[in-house]
1. Take residue 277 and residue 354, extend 7 Å from each Cα along the Cα→Cβ direction, and tell me the distance between the two endpoints in nm.
2. For the chain, build the charge dipole from Cβ charges (+1 Lys, Arg; -1 Asp, Glu) around the Cα centre, then report which of 71, 376, 444 sits farthest towards its positive end.
3. If N is the number of residues in the range 352-454, what value comes out of its Cα radius of gyration divided by 2.2 N^0.38 Å?
4. Report the percentage of all Cα-Cα pairs in the range 223-355 whose separation exceeds 24 Å, rounded to a whole percent.
5. Equivalent ellipsoid semi-axes for the chain, as square roots of 5 times the alpha carbon gyration tensor eigenvalues: give them largest first, rounded to whole Å.
6. Place a label point 7 angstrom from the Cα of residue 238 along the Cα-to-Cβ direction, then list the residues of the range 264-279 whose backbone nitrogen is under 17 Å away.
7. Contour minus end-to-end for residue 45 and residue 428, with contour as 0.36 nm per residue of separation and end-to-end as the Cα-Cα distance?
8. Can you give the Kirkwood hydrodynamic radius of the range 1-97 from its Cα pairs, in Å with one decimal?
Amino acid sequence: ITVTDLVNESYNRIDEVDGKVRAFLTLGKEQALARAGALDEKLGTDDSRGLLFGLPIGVKDNIVTEGLTTTCASQFLRNYDPIYSATVVKKLQEADAVTIGKLNMDEFAMGGSNENSSFHPTYNPWNTEYVPGGSSGGSAASVAAGEVFFSLGSDTGGSIRQPASYCGVVGLKPTYGLVSRFGLVAFASSLDQIGPLTKNVEDSAYLLQAIAGHDPSDSTSLNVDVPDYLSALTGDVKGLRVAVPKEYVGQGIDPKVKEAVQAALKTLESLGAIVEEVSLPHTEYAVATYYLLASSEASSNLARFDGVRYGVRADNPKNLLDVYLRSRSEGFGDEVKRRIMLGTYALSSGYYDAYYLKAQKVRTLIKRDFDQVFENYDVVIGPTAPTPAFKIGSQTSDPLTMYLNDILTIPVSLAGIPAISVPCGLADGLPVGLQIIGKALDEATVLRVAHAYE
Ligand code: GLN
């Protein structure tokens, strides 16, 4: 088998199923085949081969790719062709992976169902009446539907883990700062992380290995040695201490999700892990804290979209103010406008102390909850989301209900720590995700536990 065969196979599968799944926004077939041809020349020679040699990968459309339109699923950027590639994309190239195309998402990564894409929704491959989750819904669905071997997503409050859970794939949000965000279009800079969506845990370790590491182009990138994640997959969890927060298996969690998670915990116990209940007492404040902080940062980050520097500009503007006002009114969708307004309000003088500053303080309390538990435990485990995937259209009229789907992923984002979602069975025929949360920079343990369970 050649790389060209593999890449063609990926496009054939896309031809076959993407009319129903609609995971992709842009395909880069010509470039991908040219690259495959170049990689094929290495076959049968002594040339060194990268870690991901020849493997077809999809990239979320908020990660910039030279030569491939990068829209963030927004009308504002529908014509934006980046003049450079994100560090992660360069690292994929160095690892000899082949980028197949760009994946659908909620506009600017704001949402949890992919229904906020300004182009079209993505459909859950398990049942196309259901959402794939979001905001990396295209990334999760493309892997679940077998269109690519793996994909990159981004996670600000759960956007890798929640769609992984809904689509029955593995999604890893690394420690804040482990993976470079140079070239990731910023949503909430103190939270955003890029990470892998894959079929299994071993693939996740491979992809993380390829993209992790210090990048001088990203001022928040950590200057640490990257461990060997593959050698962490020992299958051994004997004596491992697992904490289950009572807030993660309490009220508001679908009983069938609870059942699947309890069964997974039993499996880990049978492998020798010690499972105990703990409390993360500030969990109930996480959603409010996140939506204040993330919206505040978004209102500041999205100020760059002014109709002058990037993307589309309103036709026939009367003056400069008109350029700004109309470009933004026409370019952004409703959810993005809602976040910008909420964030601008929270940051305005007179409200700053009551909202933004208060939220920062609560964020510290949430982080301390985890610090305390990690003094005595190796990992924290619970569900990834309170329910399996929901029906398309069933939550669009009520943003608050939609926000509450993130209750179990947001605390991890606020604490900046790593977490993985692995499939742990079905509820009503739809996948359920198990969330395994680790200490900062302890992806190796997170992957080890996920691999042993899987
Ligand atoms: N659903 C959350 C939100 O709408 C998380 C999004 C994300 O992680 N990018 O903000």
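The values are calculated or read from the model by the stated rules, or taken from the named source; none is laboratory data. What you see is a predicted model; the values in this text were computed from it and never measured. Heads up, the Cβs are rebuilt from the backbone with ideal geometry, glycines too, and the neighbour counts pull from every protein chain shown. Note: areas computed on protein heavy atoms with side chains; ligands, DNA, RNA excluded. Shrake-Rupley method; radii C 1.70, N 1.55, O 1.52, S 1.80 Å.
1. 3.8
2. In the chain, that residue is 71.
3. Values: Rg = 15.9 Å, N = 103, 2.2 N^0.38 = 12.8 Å.
The range 352-454 yields a ratio of 1.24.
4. 61
5. For the chain, the ellipsoid semi-axes come out as 31, 29, 20 Å.
6. The answer is 268-275.
7. 132.8 nm
8. 14.5
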